[in-house]
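Undergrad: Take this structure, written in structure tokens, and hold onto it; I'll ask about it next.
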Amino acid sequence: MDKDFWHRRWQKNEIGFHMTDPHHFLQQFFPLLQARLTDSVFVPLCGKSPDLVWLREEGLKIVGIELSRTAIEAFFDENDLPGQWTDETVIPFCAAEGYKLYCGDFFDLTATELSGISSYYDRGALVALPPEMRARYAAHLSSLLSSGSRVLLISYSYNQSETKGPPFSVPQQELEALFSENFRIEILSEEDVLWSHQGLVERGVTQLMEYAVLLIRK
């Protein structure tokens, strides 16, 4: 899966992965991020997620990254935010009060862009990546975060033979393999959510578990 795949999805508005409401796991487990008012939270592969607005309303500043400029511009337009682009930096970004969304590849981020950030929310980044990219994702995430940083991660588990991703199945055993070296891992909740993902039902998925995970950088 390459960058062009995601650019095409956004350009054609093929965004069945986009949720219109903030994720209930985010609302339920947000306190575990231990973020303080005016802290920044980082959201990878953020698209135009309503989670960004919810986090901002909780008093946090939002730093995100998204490949698609179309998605970023849609986020600012749909939320009536006067986003201003800065294209002279290594990774261009669009910003408004409380928001800074980089337009580029997550793997191009350095600790410089995330300086001072210790809260991280992944609703759809890990599960968007095929197996051969997930170990690289975990390693890069580890390199970006300092000891004690907290990650609220949401993942799926289903029979991958029933359909191709994304979203991909990333079961708990794989999370252990990906993150246990550098993070403490706590499974917070697990729910059967097939009823709310009709697109996956139409693709042949017969059972879908969604779970929330807390990662704490060692």
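Each value in this text was obtained by applying a stated rule to the coordinates, not by laboratory testing. Please read these numbers as outputs of a predicted model, since none were measured by experiment. Cβ placement follows ideal geometry from the backbone for every residue including glycine, while neighbour counts extend to all protein chains displayed.
Undergrad: Can you give the % of DSSP beta bridges in the chain that are antiparallel, to the nearest 5?
TA: Values: 24 of 40 bridges.
About 60 percent, rounded to the nearest 5.
Undergrad: If you place +1 on the Cβ of every Lys and Arg, -1 on the Cβ of every Asp and Glu, and leave all else neutral, what size is the dipole of the chain about its Cα centre, to the nearest 20 Debye? Intermediate values should be presented prior to the final figure.
TA: Values: 19 positive and 31 negative charges, 77 e Å.
Rounded to the nearest 20 debye, it is 380 debye.
Undergrad: Where Lys and Arg each count +1 and Asp and Glu each count -1, what net charge lies around Q84 among other residues with Cβ under 12 Å from its Cβ?
TA: Here the charged neighbours net out to -2.
Undergrad: Could you list the GluC sites (Glu not before Pro) in segment 131-218 that lie in coil according to DSSP, counting only those with at most 12 other Cβ atoms within 10 Å of their Cβ? Numbers along the way, then the final one.
TA: Numbers: sites: E132, E162, E174, E176, E181, E186, E190, E191, E202, E210; in loops: E181.
Within segment 131-218, the qualifying GluC sites (Glu not before Pro) (loop, at most 12 other Cβ atoms within 10 Å) are E181.
Undergrad: Here's another thing I want to ask about it. Which trypsin sites (Lys or Arg not before Pro) in segment 16-101 sit in a loop by DSSP (not H, G, I, E or B) and have at most 15 other Cβ atoms within 10 Å of their own Cβ?
TA: Numbers: sites: R36, K48, R56, K61, R69, K100; in loops: R36, K48.
Of the trypsin sites (Lys or Arg not before Pro), the ones in loops of segment 16-101 whose Cβ has at most 15 other Cβ atoms within 10 Å are R36.
Undergrad: Can I ask one more? Largest first and in whole Å, give the semi-axes of the chain's equivalent ellipsoid, each being the square root of 5 times a Cα gyration tensor eigenvalue. Intermediate values should be presented prior to the final figure.
TA: Details: eigenvalues 123, 89, 58 Å².
Taking √(5λ) for each Cα gyration eigenvalue gives 25, 21, 17 Å.
Undergrad: What percent do you get for the relative contact order of segment 7-165 when only Cα pairs under 8 Å and 6+ apart count?
TA: Details: 227 pairs, mean separation 35.8, N = 159.
Relative contact order, segment 7-165: 22 percent.
Undergrad: Per 5 Å bin, what is the whole-percent P(r) computed from every C-alpha pair distance within segment 131-218?
TA: Per 5 Å bin, starting at 0, the Cα pair percentages come out as 3, 14, 24, 22, 16, 12, 7, 3, 0.
Undergrad: Right, something else. Once the other residues with Cβ under 12 Å from the Cβ of L214 are scored (Lys, Arg +1; Asp, Glu -1), what is the net sum?
TA: Net local charge, L214 excluded: +1.
Undergrad: Can you sort E57, E66 from fewest to most other Cβ atoms within 10 Å of each residue's own Cβ?
TA: Details: E57 10, E66 25.
Ordered by Cβ neighbours within 10 Å, fewest first: E57, E66.
Undergrad: Something else: How large is ³J(HN,Hα), in whole Hz, for each residue of segment 136-148 in order, when computed from phi with the Karplus curve 6.51 cos²θ - 1.76 cosθ + 1.60 and θ = phi - 60°, using x for Gly and Pro?
TA: 5, 4, 4, 5, 5, 4, 4, 6, 8, 9, 8, 4, x
Undergrad: Now for a separate question. What are the principal axis extents of the Cα atoms in segment 96-155, in Å, biggest first?
TA: The principal-axis extents, from largest down, are 35, 26, 21 Å.
Undergrad: Sorted from largest down, what three extents in whole angstroms do the Cα atoms of segment 61-131 have along their principal axes?
TA: Sorted from largest, the Cα extents of segment 61-131 read 36, 24, 23 Å.
Undergrad: Please list, short to long, the whole-number percent of alpha-carbon pairs of segment 28-148 in consecutive 5 angstrom bins beginning at zero.
TA: Here the calculated profile for segment 28-148 is 2, 11, 22, 25, 21, 14, 4, 1.
Undergrad: Amide H of G64 versus every other amide H placed in the peptide plane: which residues, excluding those fewer than 5 positions away on the same chain, fall under 5 Å?
TA: Distant-sequence amide H within range of G64: V43, K100, L101, Y102.
Undergrad: Just want the answer: with Cβ charges of +1 for Lys and Arg and -1 for Asp and Glu, which residue in T112, G98, I62 is farthest toward the dipole's positive end in segment 42-116?
TA: Selected residue: T112.
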